[in-house]
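Report on one structure; see the data block that follows.
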Amino acid sequence: MLRCSIVVLFVVFVTFMDAQQCIKLITSLCDDADTSIPQPTQQTIRGKAGPKGDKGDTGDSFNQTEELTVMKENLRQVQDVLTEIQNRLTTLEDKFNNSYALTLTPRVGTFEEARNMCIDMGGDLIQRSLLINAIPGNYTEKISSLYTSGYLWIEITDRVVEGSWRYLNGEVFSDANVIGSWGTGEPSGGSEHCGSIFFRSGKLYFNDLNCARSTSEFGICEKKIPN
């Protein structure tokens, strides 16, 4: 508008135009001036960031993780039950269809060495022949005939869970259904995680030993003989 006013005064003062001419000239000059003046650009002005809000509630991820953990535990329990059923079926099959030949390993060794020697001879460390209901009958006399002194490795360990004795196929070992019992103060635990047997006064006892021990320990091997 300032530019427009200066132009008006200049035209009136210099040219002494009549009113109609002045109006036309003023209108023309003002219109040109309005279109030539740049319009202000609208800008967004951001203020300072406000204080950080409180942390939201925990989402579903925790609940999902907890649920997954429960499902895994349930699955593990189901697998244990299935393993136990399979082992019992195997026991029944052995009871009615198989008997076993027993022999000692050709030399002393650690638990693993004794087991490998048994496998090389076509069997494994003794397991089924320890059962009270083994077929064709109680193997105590046969085992006793192989025993001379010291300890003989058998197929039980608690290497997975301390104090939980199992056969190597995962079946639970219980002295309630075998032909012997744990010796006094046995199993003693600690670093002794592999099972053995010994005889005292004609009775068979179980004992735990360090699995790496190999001073005088033979393994007693069991080989299936199909009927």
> Among the residues of segment 157-164, is any surrounded by 13 or more Cβ atoms within 10 Å (Cβ to Cβ) and among the hydrophobic types (A, V, I, L, M, F, W, C)?
Replying inline: no
>> When you scan segment 89-99, do you find a residue that is open to solvent by 70 Å² or more (accessible area, probe 1.4 Å), at pLDDT below 75, of a type in the set (Asp, Glu) and more than 30 Å from Ser145 (Cβ to Cβ), even just one?
In response: no
> Restricting attention to segment 113-149, and to residues there that are in contact with a helix residue (DSSP H, G or I) (Cβ under 8 Å, 6 or more places away or on another chain) and open to solvent by 30 Å² or more (accessible area, probe 1.4 Å), which single residue is modelled with the highest pLDDT?
Replying inline: Asp124
>> Looking at segment 179-227 only, could you name the residues that are open to solvent by less than 50 Å² (accessible area, probe 1.4 Å), at pLDDT below 95 and among the hydrophobic types (A, V, I, L, M, F, W, C)?
In response: Ile179
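Hey, among Ile225, Ile220, which residue is of a type in the set (A, V, I, L, M), under 26 Å from Asp120 (Cβ atoms) and in contact with a helix residue (DSSP H, G or I) (Cβ under 9 Å, 6 or more places away or on another chain)?
Working: Ile225 fails: in contact with a helix residue (DSSP H, G or I) (Cβ under 9 Å, 6 or more places away or on another chain).
The unique qualifying residue is Ile220.
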> Within the set of pairs 6 or more residues apart or between chains, which connect a residue that is closer than 14 Å to Leu125 by Cα and among the aliphatic types (A, V, I, L, M) inside segment 166-180 to a residue that is in a strand (DSSP E or B) and open to solvent by 20 Å² or more (accessible area, probe 1.4 Å) with Cβ atoms less than 8 Å apart?
Replying inline: Leu168/Asp124
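The values are calculated or read from the model by the stated rules, or taken from the named source; none is laboratory data. This is a predicted model, so every value here is computed, not measured. Don't worry about glycine lacking a Cβ; one is built from the backbone with ideal geometry, like all the others, and counts go over all protein chains shown. The accessibility values were calculated without ligands, DNA or RNA, using every heavy atom of the protein model including side chains. Shrake-Rupley method; radii C 1.70, N 1.55, O 1.52, S 1.80 Å.
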